[in-house]
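Peer 1: First the structure, then my questions, so here it is.
Just so you know, all these numbers are worked out from the coordinates, no wet-lab data involved. None of these values were measured; they are calculated from a predicted model. Note that we place each Cβ from the backbone using ideal geometry, even for glycine, and neighbour counts take in every protein chain shown.
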Number of protein chains: 2
Amino acid sequence: MLQVGGIINELTSIVGPKNISSAQAVRDQHGKDESYHSIRSPDLVVWPGNTEQVSNVAKLCNQHKIVMIPFGTGTGVEGGVAALEGGVCIDLSRMDEVVSVNHADMDVTVEPGVTRNFLNTYLRDSGLWFPIDPGPDPSLCGMAATSASGTNAVRYGTMKNNVLNLEVVLADGSIVHTAGEGRRSRKSSAGYNLTNLFVGSEGTLGIITKATLKVYGIPESALSAVCCFDNIQSAVDSVVEVMSYGIPIARIELLDEVTMDSFNKYSKELNYKVAPTLFLEFHGGKNEVEGQAKATGEIVQSNGGSDFVWSTKAEERNKLWQARHDALYAALNLRPGCKGLVTDVCVPISNLPEIITKTKEDIGNLSLIAPLVGHVGDGNFHLLVLFDPNDAEEKARAKDLTERVARHALALDGTCTGEHGIGMGKMDLLKDEIGSPGIEVMKNIKKTLDPHNIMNPGKILYL
Amino acid sequence: MLQVGGIINELTSIVGPKNISSAQAVRDQHGKDESYHSIRSPDLVVWPGNTEQVSNVAKLCNQHKIVMIPFGTGTGVEGGVAALEGGVCIDLSRMDEVVSVNHADMDVTVEPGVTRNFLNTYLRDSGLWFPIDPGPDPSLCGMAATSASGTNAVRYGTMKNNVLNLEVVLADGSIVHTAGEGRRSRKSSAGYNLTNLFVGSEGTLGIITKATLKVYGIPESALSAVCCFDNIQSAVDSVVEVMSYGIPIARIELLDEVTMDSFNKYSKELNYKVAPTLFLEFHGGKNEVEGQAKATGEIVQSNGGSDFVWSTKAEERNKLWQARHDALYAALNLRPGCKGLVTDVCVPISNLPEIITKTKEDIGNLSLIAPLVGHVGDGNFHLLVLFDPNDAEEKARAKDLTERVARHALALDGTCTGEHGIGMGKMDLLKDEIGSPGIEVMKNIKKTLDPHNIMNPGKILYL
């Protein structure tokens, strides 16, 4: 394999001298080991300005069999952008245009540098919004690459359900439009579903350079509610009933007693009961959301939930969801100086009580602190496992806990990742989750689209 | 290639002598040319009783490079089950068990002989239902294979959104579980999305032998409504507004004046105004559906729609949707002795008035009768193009019309098929829709999963 240094001049002529950087500068910029997975630096970083440049970079790398790592915002948690074998990092942040907004059709097309917060700010005056909300502010194309979702998925779906078309540069530099160039119909049964092949491919099959997404009307009214329970089972029973009634709930989040305690300690303004709690939100017309809230309140109370405290005031709602979005910081505040290792599993809803019970036993046995938050309408939950980064033994216990949670999920008909992806962190789990014949199909797809294994190697699959 | 006759004994020993039939018997059973696409008979039909038999049949066919055509109910309209090169038809209708129903998790697993009506009858007492409703009564696995949908897709999505896992037998006989065996979590970002690769693959990548599907609570209340408009534009404007307000409408169907006229003529009980009309349905709690209907009624009237006639009575609702489901028969009744050629395109909603205007010009220029019905919440519509099967010239004009509609859709950012698939009927259109790089990706996937091109060849892609 040619050293990356040998193509610097050609890369520079493709992207321009201001859009390429050496390995050392990259290391200085990105710093060290801020998460569980170690950062591995690429040899070079390029910042292409358009799809043609991305394609030309790919052609050059393909010709010399040099590794490419697509980079959005680096907010993923499974080490998906680590440059395990060096190579060229293709940082897409300078391709940051909202290409089109079609109001009547409620779709937008964005370049890979556009983040979800940027898009929602951009759209605000139009009355539209993009509801998928993983915690931080990732790029929308990165969210597509990871098959991300978040608290609103129970109503609005995940990225899988909201990407209409992708422009993707393959390993050989060819430019594919997964649904055909410029197409944005809401439904299609035209040939193989390439869009959803690239959604969730984590940069291993190609580089997403444009995404056409569904957007939604900002709801006329939103109503948030809180209620707590004596135990997880009653909370989950309530969720099951809400779902089976078909109440089009926008958010239904479970927070365990450890999380609620962390909220109270993190914000002086909050004084929640320290018990398993549901945060809920309803979207729609004013009467509609009140009707939904009333129906949900009755379900909650029939399952032994507390008073159903609800509000349509923006201030109250913001306080609630700010607490939820600060969950990571609130958790870290429980043990200053610690870092957090985030798990992500998803099981059929009815298995939630069992997996949570087992997980809490594990947490106790491993002497760890690990607040739990969950998008329970989908059966998806996370632990924020605290560990002292200077205590190798504790770090190993934290890792052991995440492994145990994932194994419980696999034993309960679930998945080792509901929304964070496989990255480099869950490759063994994926093998056990899918089984050999399915893994072989994945490998064959990878090999046919990237025969030299130069697209973000060492992620998802062992080749 | 070995003649199919050479493996009869081995096939018989796999499926048993009562589950294999000769070509002649098949031809007698299936009859001739009932649709636009000619029926082409396979050499043999086998009716396997379980997945292991399907796998053994595939292994045998793969060994001898003999073509396999998976067969569900034969209700597809693009010739997807035509045995263009003879071979072995694998009729899955005798694998007809509902394998599991998980009430709390609202999912079911079915074998490929289970149809949607069978499942809904089976589920009725449980309070659950599967809402995806293409017109006839196809098998659910066949619906997955075609990426089908229907009138409820605007709320409940298409098959893409409702399949959680598939068991698939590949060309070489290996058995893949696309999400891992027995898994049924609602969300996953674990590896490549194999489930949605096989959804819509029309039997060209493998044989679906089990599907795990989302089901839903039967809504507490349902409300249907009718309103008519002076023109298509006003109807579409209303739809756009309803969608942008996020009203969780369950069905919103457009029927043009020709269709309304056909309804009146077909059923003596009906006396609709002969004008562009919307049929609508709302699902939810009693107050909720009335709230949704009221809000929608206001939107409709602000767009010049007629009085919004609505009803929650089952009898009234059934009358309405019976008329909609009889649309094909009502259309055929306009010219007794004729057959119908069904189109299927989907465009961004705002392009509906333009494509419908162009299409009506084409219908006039071609002197055809072609009632229009559309799932307009998704921008998807069909024409039922009437033609005299004994008039080759008129049949050619009918085909010309369907081609024109598809070309208009492609010119308006749309797709040549929203829910019927490519089959053998739309392979040229697919090439133009997706473009060469995307088609190459599809071909590469096909070749890697079916290197001998024995899985339902001659469909979707020219290899």
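Peer 1: Report the Cα centroid-to-centroid distance between the stretch A:134-193 and the stretch A:35-81 in angstrom, as an integer.
Peer 2: Cα centroid to Cα centroid, the span is 19 Å.
Peer 1: Another one. So, by mean Cβ neighbours within 10 angstrom, what's the order for B:142-149, A:179-186 with the highest one leading?
Peer 2: B:142-149, A:179-186
Peer 1: Can you tell me the mean projection area, over all orientations, of the convex hull of the stretch B:83-170's alpha carbons? Units nm², please.
Peer 2: Averaged projected hull area, Cα only: 6.8 nm².
Peer 1: Continuing with this model, one more query. What does the net charge come to around B:GLN53 if you take all other residues with beta carbon closer than 15 Å to its beta carbon, with K and R at +1 and D and E at -1?
Peer 2: -3
Peer 1: Okay, moving on. Taking θ = phi - 60°, what integer Hz values does the Karplus form 6.51 cos²θ - 1.76 cosθ + 1.60 yield along the stretch B:118-131, in sequence order, with x for Gly and Pro?
Peer 2: Calculated HN-Hα couplings, in order: 4, 4, 5, 5, 4, 8, 3, 6, 7, x, 10, 8, 10, x Hz.
Peer 1: Next question. With θ set to phi - 60°, apply the Karplus curve 6.51 cos²θ - 1.76 cosθ + 1.60 along the stretch B:437-448 and write out the HN-Hα couplings as whole Hz, x wherever there is a Gly or Pro.
Peer 2: Running phi through 6.51 cos²θ - 1.76 cosθ + 1.60 with θ = phi - 60° gives x, x, 4, 4, 4, 4, 4, 5, 5, 4, 5, 6 Hz.
Peer 1: If you don't mind, another one. What is the fewest-to-most order of A:HIS325, B:HIS177 by other Cβ atoms lying within 10 Å of their Cβ?
Peer 2: Ordered from fewest to most neighbouring Cβ atoms within 10 Å, A:HIS325, B:HIS177 come out as A:HIS325, B:HIS177.
Peer 1: Then there's this: Just tell me how shielded B:407-417 is by partners: mean number of partner chain Cβ atoms within 10 Å of each residue's Cβ, no decimals.
Peer 2: 5
Peer 1: What are the residues whose amide H is under 5 Å from the amide H of B:ARG251, where those residues sit 5 or more places off or on another chain and H is modelled from the backbone?
Peer 2: Result for B:ARG251 returns B:GLU281.
Peer 1: Evaluate peptide A:242-250: per residue, the Cβ atoms of other protein chains within 10 Å of its Cβ; return the mean as an integer.
Peer 2: The mean count of partner-chain Cβ atoms within 10 Å per residue comes to 6.
Peer 1: Which length gain, in nm to one decimal place, applies between B:TYR462 and B:THR312 when the Cα-Cα distance is subtracted from 0.36 nm times their residue separation?
Peer 2: 49.0 nm
Peer 1: Right, here's the next one. What is the dipole size for the protein assembly as shown, taken about its Cα centre, with +1 at each Lys and Arg Cβ and -1 at each Asp and Glu Cβ, in debye to the nearest 20?
Peer 2: Approximately 900 debye in magnitude.
Peer 1: I need B:VAL67, A:VAL81 ordered by Cβ neighbour count within 10 Å, fewest first.
Peer 2: B:VAL67, A:VAL81
Peer 1: Cross-link partners among lysines for A:LYS459, C-alpha distance below 17 Å, same-chain residues fewer than 8 apart left out?
Peer 2: Straight-line reach from A:LYS459, under 17 Å: A:LYS426, A:LYS431, A:LYS443, A:LYS446, A:LYS447.
Peer 1: Tell me, how many Å apart are the Cα centres for the stretch B:406-437 and for the stretch B:333-357?
Peer 2: Distance between centres, Cα-based: 15 Å.
Peer 1: Then there is this: What average number of partner chain Cβ atoms lie no more than 10 Å from the Cβ of the residues making up A:194-204?
Peer 2: The per-residue average across the peptide is 5.
Peer 1: Also, quick follow-up: For the stretch A:221-411, compute the number of Lys pairs whose alpha carbons are separated by less than 23 Å, excluding pairs fewer than 8 positions apart on the same chain.
Peer 2: Lysine pair count for the stretch A:221-411: 23.
Peer 1: Let me ask something else about it. I'm a student and want to see the number: the projected area of the Cα convex hull of chain A, averaged over all directions, in nm².
Peer 2: For chain A, the mean projected area of the Cα convex hull comes to 21.8 nm².
Peer 1: Give me B:HIS408, B:HIS375 sorted ascending by neighbouring Cβ count inside 10 Å, so fewest comes first.
Peer 2: Arranged by neighbour count, lowest to highest, B:HIS408, B:HIS375 become B:HIS408, B:HIS375.
Peer 1: May I pose another question? Could you sort the peptides A:271-282, A:8-19 by per-residue average Cβ neighbour count (10 Å cutoff), highest mean leading?
Peer 2: Packing order, densest peptide first, comes out as A:271-282, A:8-19.
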